[in-house]
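A.B. asks: The structure's right below; bear with me while I get my questions together.
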Amino acid sequence: MAKKVRTPPPPRRVQAPQRRETRRPSAGSQRSPWIYAIGGAVAAAVIAAAVVGILVASGGGSTTKATAANYNALPGIRKTKAPWPPEYRYLADRLAPLDLTTLGGHNGLVLHFHTHIDILVNGKKVEVPALVGINSGAGWLTELHTHNARGVIHIEAQKSRDFTLGQFFAEWAVYLDSHSIGGYSGMKWYLNGKLQTGNPATLVFKPHQEIAFVVGKAPAKIPSSYKFLQGE
C-alpha cells in the first residue's frame with residue numbers, strides 16, 4: 001500500500017502593521033531640554049560616585065594606609081633574630097602605607113620629643129641601630145628616626161599628630177606583634193617598668209617613655225626609666 005503524502009499546513013496570515021496616529025504634545029506638557037540635561041548630569045554623578053566608592057573600598061586608585069594589624073605584611077619586614085641593621089631596600093615602599101613622610105631638616109617642627117627602647121634577649125641587650133629612618137646619602141630623614149645606637153627614638157613632625165611604636169618597627173623592618181619581636185617568640189613588653197598586654201604596635205609615643213622588650217630569661221631589674229641627654 002502506497003504511503004500517503006502529508007499535506008503541509010497552510011502558511012499563517014501576517015497581519016499588516018497598523019498605522020499609529022502621532023500626537024503632538026500640548027504646549028502645557030512640553031518639557032525644556034534643560035530638564036533632561038540636568039537629569040542626565042545627576043545620573044552621571046551618581047554613577048561616578050559609585051565607581052569612586054568601589055575603588056576606595058578595593059584600594060584601587062590610591063595608596064592604602066597600613067594599620068597595626070598588617071604592618072608585618074609590608075615589604076622587607078624581617079622575622080629573623082638580631083642583629084637588625086636599618087633596612088633601606090624597601091624603605092621607600094613602606095613609608096606611604098605607614099603614613100610617614102620625609103623631612104628636609106628641623107625647620108618648622110611642631111613636634112620634637114624623644115622616647116627610649118630597650119630590647120633584652122636572655123638578659124643581653126640587642127642594639128637599636130643608628131640611622132633608622134635616615135638616608136644620609138640622599139640627605140633626608142623621616143618623622144621617626146635614630147641618630148645613634150643608644151635606643152633613643154626621635155619623633156619630629158611639622159604637624160601635630162600621633163605616632164606609634166608599630167610605625168617605627170615597620171620602618172625599621174622588624175616584625176612585631178603581641179608575643180613576638182623579629183624571630184623571637186615568647187616576648188613580654190613593659191612601659192615605664194610595668195608589664196603590658198596587647199599589641200605593642202598600637203602604643204602611641206609620648207615624651208620620655210621607657211619601652212622594654214624582654215625575651216627569654218628576664219634581667220634582675222626591668223628598666224623603668226632612661227637618663228636622656230640634656231635637651232632630649
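The values are calculated or read from the model by the stated rules, or taken from the named source; none is laboratory data. Computed from a predicted model, the values in this text were never measured in an experiment. All Cβ positions, glycine included, derive from the backbone under ideal geometry; neighbour counts span all protein chains shown. Heads up: the accessible areas ignore ligands, DNA and RNA and are worked out on the full protein's heavy atoms, side chains in. Shrake-Rupley method; radii C 1.70, N 1.55, O 1.52, S 1.80 Å.
A.B. asks: For the stretch 189-205, indicate whether the set of residues that are assigned to a helix (DSSP H, G or I), surrounded by fewer than 22 Cβ atoms within 10 Å (Cβ to Cβ) and among the polar types (S, T, N, Q) is non-empty.
C.D. replies: yes
A.B. asks: Restricting to the stretch 61-78, and then to whatever is touching a helix residue (DSSP H, G or I) at 6+ places or on another chain (Cβ under 8 Å) and assigned to a loop (DSSP other than H, G, I, E, B), can you tell me which residue is modelled with the lowest pLDDT?
C.D. replies: Once the filter is applied, the top-ranked residue is Gly61.
A.B. asks: Run Ile211 past the list (1) over 30 Å from Gly108 (Cα atoms); (2) surrounded by 18 or more Cβ atoms within 10 Å (Cβ to Cβ); (3) aliphatic (A, V, I, L, M) and report the number of the one that doesn't hold.
C.D. replies: (1)
A.B. asks: Restricting attention to the stretch 96-141, and to residues there that are farther than 20 Å from Leu176 by Cβ, open to solvent by 60 Å² or more (accessible area, probe 1.4 Å) and outside any loop (DSSP other than H, G, I, E, B), which single residue is modelled with the lowest pLDDT?
C.D. replies: Trp140
A.B. asks: Another question about this same structure. Restricting the stretch 206-232 to residues that are part of a loop (DSSP other than H, G, I, E, B) and touching a Phe, Trp or Tyr at 6+ places or on another chain (Cβ under 6 Å), which is farthest from Glu127 (Cα to Cα)?
C.D. replies: Of everything passing the filter in the stretch 206-232, Pro207 is farthest from Glu127 (Cα to Cα).
A.B. asks: Moving to a separate point now. Within the stretch 151-161, identify whether any single residue is of a type in the set (S, T, N, Q) and surrounded by 20 or more Cβ atoms within 10 Å (Cβ to Cβ), and answer yes or no.
C.D. replies: Of the stretch 151-161, the ones of a type in the set (S, T, N, Q) are 158, 160.
With surrounded by 20 or more Cβ atoms within 10 Å (Cβ to Cβ) added as a condition, the list becomes none.
No, that holds for no residue.
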